[in-house]
Amino acid sequence: MTLSATQGNVKAADWLKVAAETSGTGAGARALLTAAGDQFVDGKIADAQASFQKFLTEYDGSALTAQAKY
């Protein structure tokens, strides 16, 4: 099951916590990318940009990289 900010009370901050707790794993990559997307949707563009950049730095070569660059 995939969660997003529109499901329940899951917020970007929650995803960032999961990303920190699971850093270096596939779950951490997905959580960080989800947080960035949620920040963008919430209008927090600077935060989203920083999170996307962090994703690209920490998960260079990930299959999800194209989504972060978009």
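The values are calculated or read from the model by the stated rules, or taken from the named source; none is laboratory data. Remember, it's a predicted structure, so these values are computed and weren't measured experimentally. Please note: Cβ atoms are built from the backbone with ideal geometry, for glycine as well, and neighbour counts cover all protein chains shown. These accessible areas exclude ligands, DNA and RNA; they are computed on the full protein's heavy atoms, side chains included. Shrake-Rupley method; radii C 1.70, N 1.55, O 1.52, S 1.80 Å.
Listing for the model above:
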item	result
Kyte-Doolittle mean at least -0.5 and Cα axial length at least 15 Å: DSSP H helices in the chain	26-41, 45-58
Percentage, to the nearest whole number, of Cα pairs in the chain over 15 Å apart	45
Whole-Å distance, taken between Cα centres, linking segment 50-70 and segment 23-38	9
The chain, dipole about Cα centre (Lys/Arg Cβ +1, Asp/Glu Cβ -1), debye to the nearest 20	60
Carbon and sulfur %, accessible surface of the chain computed with the full protein complex present, 1.4 Å	56
Solvent exposure of the chain as accessible area per residue, Å², 1.4 Å probe	66
